[in-house]
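Following: one structure in structure tokens, then a few remarks.
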Amino acid sequence: MENFKEAYEGTKFMVFNPALVIEVNKKCHELDELLKQHNTSEWAYITAWNPFSEVLTDAENSQSHQKLIELVKEYQYFEGEGVGTDPVWKPEKVY
């Protein structure tokens, strides 16, 4: 497996709707526009999948994901997934 910094920097952080792709150290004009539309300058990309880079089962990840949805339900959020370059890691769902 790649080292964590390389894995993180190579990940494409996708948002499904509106469609955007966020990449480390690259400008994302669509994200800037989305932030303007919501009158904010702060955002986070959060996943409950594979905490501390420990690979969990799909069932465990789904359960953690549902807990995250419950925690953020009062906030504006957008569904997506983080897609890395390492084939060992499945895309991680995010909100």
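Ordering 52-62, 8-18 by mean Cβ neighbour count within 10 Å, with the highest value first, yields 8-18, 52-62.
Once you have a ≥ b ≥ c as the square roots of the Cα gyration tensor eigenvalues for the chain, tell me rounded if a/c is under 1.5, and otherwise prolate or oblate according to whether a/b is larger than b/c. Taking the square roots of the gyration eigenvalues as a ≥ b ≥ c, the chain is oblate. With θ taken as phi - 60° and the Karplus curve 6.51 cos²θ - 1.76 cosθ + 1.60 applied, the whole-hertz 3J(HN,Hα) list for region 31-37 is 5, 4, 5, 4, 4, 4, 4 Hz, x standing for glycine and proline.
Each residue of region 12-26 is assigned a 3J(HN,Hα), and the resulting list reads 9, 8, 8, 10, 7, 8, x, 6, 8, 10, 10, 10, 4, 6, 10 Hz, derived from the Karplus form 6.51 cos²θ - 1.76 cosθ + 1.60 (θ = phi - 60°), x at Gly and Pro. Amide H to amide H, with H built 1.01 Å from N, Leu20 comes under 5 Å of Val15, counting only residues 5 or more places away or on other chains.
Heavy-atom accessible surface of the chain, averaged per residue, reaches 74 Å², computed with a 1.4 Å probe. What a 1.4 Å probe finds exposed on region 28-95 is 52% carbon and sulfur by accessible area, rounded to a whole percent.
The values are calculated or read from the model by the stated rules, or taken from the named source; none is laboratory data. Since we're looking at a predicted model, the values are computed, not measured. For neighbour counting, all protein chains shown are included, and Cβ atoms are generated from backbone atoms with ideal geometry for every residue, glycine included. Keep in mind that these areas ignore ligands, DNA and RNA; they rest on the heavy atoms of the full protein, side chains included. Shrake-Rupley method; radii C 1.70, N 1.55, O 1.52, S 1.80 Å.
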